[in-house]
Structure formats: C-alpha cells, structure tokens
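Below: one structure, written as structure tokens.
The values are calculated or read from the model by the stated rules, or taken from the named source; none is laboratory data. Quick caveat: nothing in here was measured; it's all calculated off a predicted structure. Please note: Cβ atoms are built from the backbone with ideal geometry, for glycine as well, and neighbour counts cover all protein chains shown.
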Amino acid sequence: ETGVTQSPTHLIKTRGQQVTLRCSSQSGHNTVSWYQQALGQGPQFIFQYYREEENGRGNFPPRFSGLQFPNYSSELNVNALELDDSALYLCASSLREEQYFGPGTRLTVT
Amino acid sequence: AQSVTQLGSHVSVSEGALVLLRCNYSSSVPPYLFWYVQYPNQGLQLLLKYTSAATLVKGINGFEAEFKKSETSFHLTKPSAHMSDAAEYFCAVTGGTGTYKYIFGTGTRLKVLA
C-alpha cells in the first residue's frame, strides 16, 4: 500500500450536482496530482498542486477545481456534473517524479 | 509534448509463457518512464521505473523493462506468466522539471490462460 487514501470510495450523483473528492497524501509528500480514468481508458491528468498552489493543469474545463491544504491533503471539486464525468478519480502524491496512487473514488453520474 | 502508445489493447499468454507488453513513447525532453499495474476496482501499483540510470530496469513480481532510446521504446517483459499477472497494465511518461504530470497509454489487458 502507498499510504495515499481517498474518500469516498464510491459516489453516485445526479447530473447538475456538485461533488467534492478528498485525498490524503503520503507522509512527507508535498505534491498532489489528480487524474480521471474513464472506463476502459488510461488515466488523464486533471491538475497538480504543489505546496498549496496549482502547478499545472490538463485539458479539463474550469468546473474542475481543486485545493491543497497546509498538511498537503487535497480536494477535487467538480461543479455542474455531466454524465461524462462518470469515472474513477485517482489521486497521487509525490516528492519528485515518482507518484504514489491512491485506490481511487468511483463517481457515477446519473 | 509527450505521448505514449501501447500496442495491443488485449494480450493473452499461457501460464508459464513469456509476457511482452509494448510501449512506445514520444518526448521532447529526456523522459522518465513507468509501468503500472491495475487490478479490477483498484488504484495503480508501480511495477518499475526508468529515470535515466540503467537502461534495463527490474521491477516487482519478476517484471523488467528495457529503455531503448533509438527505438523510443520501453517494453515490459516477464519470463514466465503466472495466473496472478492477469490485470491491466499502463505505461506512462513524464519528464523535464516542474510539473511531473504523467501521460498514460490506453492500457493493455493481460489475460493468462491455464
């Protein structure tokens, strides 16, 4: 196990709602990255936070936003949920190039 | 810009046979390369990584990969497949400094036949 935890494990939301996913990074890691993995696809980079600042963003709309806290844990917020947002959301913590992934949150949008 | 191509979305091998999963990358900077395994309904587990040291990298569970710059490849191999190796495998590339965002391939599902 990597020491990266995510909550909740599963979540069902209705289109148009908002959701917050949480990630606790591995001890000592100051960087958190978020990925979206649609069914049958590889993970897609959403954004990364380094010491509470956004440090890079993938090709996702502004309704995907995030936060990193002083203890380096992180949140991913998604507003105005769409059916295509249904996916496994993975969080990864790191110090440098090697990322340690959590078990993910499975989000289903109906 | 970086990208990864995994040839073969599904690979089947017999138990005890050689496993070969292919990954080709494109990177404008010296790459760091990774192989991850994902079991159903789980996150990603690191198998091995290349970070510009030895070109032949050994990982967990008997897997290894060789970085070949001339071929822009980083194929994953295992001499003898076990039933427990059945899973989804992802190759990823990152590089440069600053944001170490990973670019993943689309994955290869490995099936091991008894």
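Summary of values
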| item | result |
| --- | --- |
| Test for A:LEU67: is it outside any strand (DSSP E or B), touching a strand residue (DSSP E or B) at 6+ places or on another chain (Cβ under 8 Å), within 22 Å of A:GLN17 (Cα to Cα) and not charged (D, E, K, R) | no |
| Count of the stretch A:75-105 residues which are part of a strand (DSSP E or B) and either hydrophobic (A, V, I, L, M, F, W, C) or out of contact with any Ser or Thr (no Cβ under 7 Å at 6 or more places or on another chain) (or both) | 8 |
| Counted residues, the stretch A:66-76 - those being under 16 Å from A:PHE45 (Cα atoms) and buried (at least 18 other Cβ atoms within 10 Å of the Cβ) | 3 |
| Count of the stretch B:31-56 residues which are β-branched (Val, Ile, Thr) and either out of contact with any strand residue (DSSP E or B) (no Cβ under 9 Å at 6 or more places or on another chain) or modelled with pLDDT of 95 or more (or both) | 1 |
| 1 or more residues within 14 Å of another protein chain (Cβ to nearest Cβ), within 20 Å of A:GLY40 (Cβ to Cβ) and among the acidic types (Asp, Glu): qualifying strands (runs of 3 or more DSSP E) within the stretch B:46-114 | B:87-95 |
| Scan of the stretch A:77-101 for residues that are more than 7 Å from every other protein chain (Cβ to nearest Cβ), under 23 Å from A:TYR50 (Cβ atoms) and buried (at least 18 other Cβ atoms within 10 Å of the Cβ), ordered by number | A:VAL78, A:TYR89, A:CYS91, A:ALA92, A:SER93, A:TYR100 |
| Where A:GLY104 falls short, out of the listed (1) among the small types (Gly, Ala, Ser); (2) within 8 Å of another protein chain (Cβ to nearest Cβ); (3) at positive phi; (4) surrounded by fewer than 21 Cβ atoms within 10 Å (Cβ to Cβ) | (4) |
| Residue list for the stretch A:41-65, filter: within 14 Å of chain B (Cβ to nearest Cβ), touching a Phe, Trp or Tyr at 6+ places or on another chain (Cβ under 9 Å) and surrounded by fewer than 21 Cβ atoms within 10 Å (Cβ to Cβ) | A:GLN41, A:GLN44, A:ARG51, A:GLU54, A:ASN55, A:GLY56, A:ARG57, A:GLY58, A:ASN59, A:PHE60 |
| Residue match in the stretch A:26-33 (condition: more than 30 Å from B:GLY8 (Cβ to Cβ) and at the interface with chain B (Cβ under 9 Å from one of its Cβ atoms)) | yes |
| Which numbered condition A:PRO61 misses (of (1) in contact with a Gly (Cβ under 6 Å, 6 or more places away or on another chain); (2) assigned to a loop (DSSP other than H, G, I, E, B)) | (1) |
| Any chance B:SER12 is hydroxyl-bearing (Ser, Thr, Tyr) and modelled with pLDDT under 95 | no |
| Residue under evaluation A:LEU95, criteria (1) modelled with pLDDT under 95; (2) touching an Asp or Glu at 6+ places or on another chain (Cβ under 8 Å), criterion not met | (2) |
